[in-house]
Amino acid sequence: MNQKVFIRISIILLIFFIGFIMRVETTHLDTLSDMEKHYYQDQNGLPYMYELDSYYNYRLTENYLNHGYLGDAKINGVEWDLHSYYPPGVPLDYPPLIVYLTALIYKFINLFADIPLLVVCFWLSAFIAPLAGIAAYFLVGRLTNQYGAVAAGILSVTIPYYFVRTVPGWFDTDMFNLLFPFLVVGLFFSAMENINSPDKKGLIYSCLTAISLFLFSLAWNGWQYLFYLISIFWAVYIIISKIRGENIAKHLYNLLLFSAVTLMLVWLFTGFVNILKLVFGPLQLVNLSYGGGSWADWPNLYTSVSELIKPSVEVVISSLGITLFAGLFGLVWTFRLLLNEELSQKFIKKMRWITFSFLVFWTLAGFITLNSGERFLVMLIPPLVVNTGIMVGICTEYLGLLKNTNQINFFKKHPSSIKVLSVLIVILAVLPGMWPSENSFLLTPGINDDIWAVSVWINNNTPKNTVIVGDWNNGHLYTAIANRPVLEDGRMGYIETLPVRNYDDLFPYKDKSPSISRDYWINKAFSTDNETLSLGIMRMLSTSGDQGYITLDMYVGNTSKSVEILNHILGIDRSNARNLLLDNYNINENQADEVLKYTHPDKPSPFVVVTNDKMIGIGHWIFQFGEWDFNEKSSQNYIYSVGRANTTSDFLNSTNDIFMDFKTGNLTWENKTPYFVEFIDNRTIVKRFMDPNSDFGVFIINGKKAVVMDKKFENSIFTKLVIENNNSTVFKPLYYSNRAVVWAII
């Protein structure tokens with residue numbers, strides 16, 4: 001093995017192990033006490049998953065290992081997920097690479113040892129994510145020197161945003177979202193460089209670019225952005241070349257080949273539905289972003305998802321670290337050098353104008369995607385990492401000038417010192433990124449022993465057809481561990497399938513179901529103080545899903561009116577509901593009977609309600625969405641605040657500004673006296689009324705948690721089941737695991 005190969009292999013191993021070891025360190029839960037650590041660890045001694053979508057991927061992998069396909073069952077030849085958005089479930093629509101790869105690794109490892117699937121899922125991202133650094137190293141190495149390539153490789157595996165989303169316990173598609181863009185763009189650059197090659201290398205690399213993009217389509221639903229990025233850039237380049245009078249035949253042929261191979265592979269291996277998504281997806285999302293479509297009347301569940309909110313400048317800086325500034329500076333510096341032929345040959349001789357133009361286009365596209373939410377920072381990271389690597393490469397090339405200077409003899413006598421300085425520049429470039437990655441990792445697992453325990457209890461003690469009603473955040477866990485269908489989970493309204501529903505008979509209600517409308521009804525069931533209405537909503541959803549309100553809306557033709565009618569009939573019996581429909585709402589007998597078949601089913605499906613303390617943190621959204629004004633398409637700004645309570649012998653104060661003097665009995669929130677204060681200690685309730693003119697109440701839960709709530713929701717189902725764990729007239733507790741509770745109808 002020659003020295004050059006040895007150095008390259010050593011660099012690859014260095015990049016991989018930096019990424020791997022830093023991720024392993026996060027599994028120790030160092031921010032928690034020993035007691036808390038046990039509360040957040042599973043039966044294997046590992047932390048529970050950080051990202052709850054991980055349990056969705058785990059369930060699909062388990063399905064694949066059990067019966068050879070990702071869905072729960074095949075209906076008329078189509079895979080269906082009968083756990084998610086049930087009833088009726090959904091046709092399975094998910095990129096399968098994470099499942100295939102995990103199953104393969106699981107099978108291989110279990111040839112030598114008995115390792116649970118959940119353990120393999122937990123560790124996979126720690127092995128896959130560092131591969132992105134190796135891909136970045138090779139990509140940047142073709143644009144600048146080895147120092148810049150090493151810097152790009154290390155930055156890829158340590159950049160804060162990507163690091164946090166690829167730690168062990170984050171078993172999601174994020175692990176692929178740097179690896180494939182680096183691979184695709186690297187092959188694309190090779191195609192462009194060899195476009196005029198007589199041995200047809202350009203055609204080969206164009207095909208390889210298409211194949212790598214096809215693999216990306218198996219890994220992530222967002223692969224389309226890279227297809228459009230390359231296609232648009234290539235097309236614009238061809239147009240400009242044509243205007244200049246240049247020969248465009250080879251570029252045009254390679255673009256057509258790239259597009260044809262990509263589309264053919266996607267069609268053959270994932271179905272024509274993904275071609276439709278590619279065509280209609282952008283149009284559908286633009287329509288939704290401007291308030292169009294049939295979802296416009298409903299409260300937008302997606303606004304409650306933090307990663308789908310446009311990030312602030314502070315968030316962008318903290319998520320990208322030094323790469324943000326170094327990457328932008330690298331672009332400017334490269335442009336300056338390209339303007340001077342002599343300088344470009346001296347410092348960036350591997351760079352071409354077409355390559356630089358694509359990097360600019362790639363970077364701009366990354367910034368534009370941030371309008372869709374913080375989640376899309378992952379699209380900005382690859383071009384910034386490449387630009388940063390180029391900047392480091394330029395810096396080290398400038399150091400080479402020191403060997404020829406007459407003013408400083410030291411570097412002439414000790415040329416190796418240039419290499420030392422170059423290494424220091426690499427360290428200076430990557431160290432700031434490594435520091436926040438390690439120190440900003442303050443995540444705790446997404447669930448705990450109590451939520452896990454109720455899931456296991458449901459699996460062991462309820463009929464198979466029991467439907468789980470709860471918050472969507474834990475839906476994937478319930479489907480995987482409780483092995484029961486849920487009304488709603490982390491895929492929410494299945495927005496990814498919207499572009500194809502009008503062309504697919506598997507969605508009989510087209511864009512009306514699945515949708516975010518179901519989330520309104522779930523929230524309404526918790527926000528209301530009408531217990532029979534809450535029960536009626538849950539019974540309707542668990543038995544007939546969306547059919548009740550979709551059917552009624554077909555007759556009424558007005559979402560606001562349909563919601564009003566249902567809120568009046570779901571809390572009363574079938575006979576009175578029928579009379580109300582006939583007498584008050586001009587619904588004829590046939591229509592009334594058709595609606596009641598779904599809203600007041602003769603044979604309702606069994607269901608349980610699962611509550612836990614995590615729901616306290618999302619109470620604001622439950623009240624905002626559950627009390628939505630369909631005429632104004634908005635909700636009131638209800639009072640809701642959650643904080644940690646700290647108690648001494650004389651005082652109680654909280655992180656959300658509650659203060660109580662035990663000697664005087666006075667309690668205030670933001671210096672205002674509440675309508676009531678309620679002390680809850682292991683479901684024992686002591687309530688004291690204070691100021692009848694106040695518009696809020698205060699709950700102190702086990703002396704540890706303080707909740708301020710709008711007076712309107714004093715007797716809501718949310719208050720009774722989630723806050724008090726008690727005091728309902730229609731629901732009874734079946735099982736407690738501390739403050740995680742399984743409820744059923746009395």
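The values are calculated or read from the model by the stated rules, or taken from the named source; none is laboratory data. Keep in mind that this is a model prediction, so the values were computed, not measured. Positions of Cβ are backbone-derived with ideal geometry, glycine not excepted, and every protein chain shown enters the neighbour counts.
Per-structure values
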item	result
Lone unmet requirement of (1) among the hydrophobic types (A, V, I, L, M, F, W, C); (2) more than 29 Å from residue 486 (Cβ to Cβ); (3) at pLDDT 95 or above for residue 82	(2)
Checklist (1) crowded, with 24+ Cβ neighbours inside 10 Å; (2) at pLDDT below 95; (3) small (Gly, Ala, Ser) applied to residue 245, failing item	(1)
Single unsatisfied condition, residue 594 versus (1) surrounded by fewer than 21 Cβ atoms within 10 Å (Cβ to Cβ); (2) over 37 Å from the mean Cα position of the chain (by Cα); (3) not in a helix (DSSP H, G or I)	(3)
Any chance residue 442 is modelled with pLDDT under 75 and surrounded by fewer than 14 Cβ atoms within 10 Å (Cβ to Cβ)	yes
Residue count for the stretch 629-676, restricted to those that are among the acidic types (Asp, Glu) and either within 14 Å of residue 707 (Cα to Cα) or part of a strand (DSSP E or B) (or both)	4
Among the candidates 615, 538, 554, residue that is more than 30 Å from residue 477 (Cβ to Cβ) and modelled with pLDDT of 95 or more	554
Single match in 173, 144 (criterion: out of contact with any strand residue (DSSP E or B) (no Cβ under 8 Å at 6 or more places or on another chain), crowded, with 24+ Cβ neighbours inside 10 Å and of a type in the set (S, T, N, Q))	144
Residues of the stretch 355-384 classified as of a type in the set (D, E, K, R) and under 13 Å from residue 225 (Cβ atoms), total	1
Residue selected from the stretch 1-10 under the condition of a type in the set (A, V, I, L, M) and assigned to a helix (DSSP H, G or I), by the criterion farthest from residue 165 (Cα to Cα)	5
Subset of the stretch 303-320 (residues that are surrounded by 16 or more Cβ atoms within 10 Å (Cβ to Cβ), among the hydroxyl-bearing types (Ser, Thr, Tyr) and within 26 Å of residue 633 (Cβ to Cβ))	304
Residues that are part of a helix (DSSP H, G or I) and surrounded by fewer than 22 Cβ atoms within 10 Å (Cβ to Cβ), drawn from the stretch 598-614	598, 614
Helices (runs of 4 or more DSSP H) enclosed by the stretch 11-111 - at least 2 residues per element that are of a type in the set (A, V, I, L, M, F, W, C)	53-67, 97-109
Subset of the stretch 67-101 (residues that are touching a residue at least 60 places away in the same chain (Cβ under 8 Å) and of a type in the set (S, T, N, Q))	84
First in the stretch 190-203 and in contact (Cβ under 8 Å) with a residue 12 or more places away in the chain, second anywhere and of a type in the set (Lys, Arg) and in a loop (DSSP other than H, G, I, E, B), Cβ under 9 Å, 6 or more apart	190/142; 192/352; 193/142; 193/352
Residue match in the stretch 681-698 (condition: of a type outside the set (D, E, K, R), within 32 Å of the chain's Cα centre (by Cα) and either within 27 Å of residue 448 (Cβ to Cβ) or surrounded by fewer than 18 Cβ atoms within 10 Å (Cβ to Cβ) (or both))	no
Which numbered condition residue 349 fails, given (1) part of a helix (DSSP H, G or I); (2) without any contact (Cβ under 8 Å) to a residue 40 or more places away in the chain	(1)
Criterion violated by residue 531 - all others in (1) within 21 Å of residue 570 (Cα to Cα); (2) buried (at least 22 other Cβ atoms within 10 Å of the Cβ) satisfied	(2)
Which listed residue, of 138, 127, is in contact (Cβ under 8 Å) with a residue 24 or more places away in the chain, under 30 Å from residue 399 (Cβ atoms) and either among the acidic types (Asp, Glu) or surrounded by fewer than 21 Cβ atoms within 10 Å (Cβ to Cβ) (or both)	138
Residue among 478, 549, 520, 494 that alone is touching a Phe, Trp or Tyr at 6+ places or on another chain (Cβ under 6 Å) and either within 30 Å of residue 48 (Cβ to Cβ) or at pLDDT 95 or above (or both)	520
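Table: residues versus (1) without any contact (Cβ under 8 Å) to a residue 12 or more places away in the chain; (2) acidic (Asp, Glu); (3) touching a Leu at 6+ places or on another chain (Cβ under 8 Å).
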{"site": "530", "(1), (2), (3)": "no, no, no"}
{"site": "536", "(1), (2), (3)": "no, no, yes"}
{"site": "540", "(1), (2), (3)": "no, no, yes"}
{"site": "568", "(1), (2), (3)": "no, no, yes"}
{"site": "583", "(1), (2), (3)": "yes, yes, no"}
{"site": "595", "(1), (2), (3)": "no, no, yes"}
{"site": "608", "(1), (2), (3)": "no, no, yes"}
{"site": "625", "(1), (2), (3)": "no, no, yes"}
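For every residue, the table says whether it meets (1) under 21 Å from residue 158 (Cα atoms); (2) modelled with pLDDT under 95.
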site: 303; (1), (2): no, yes
site: 309; (1), (2): no, yes
site: 314; (1), (2): yes, yes
site: 321; (1), (2): yes, yes
site: 357; (1), (2): no, no
site: 361; (1), (2): no, no
site: 379; (1), (2): yes, no
site: 383; (1), (2): yes, no
site: 387; (1), (2): yes, no
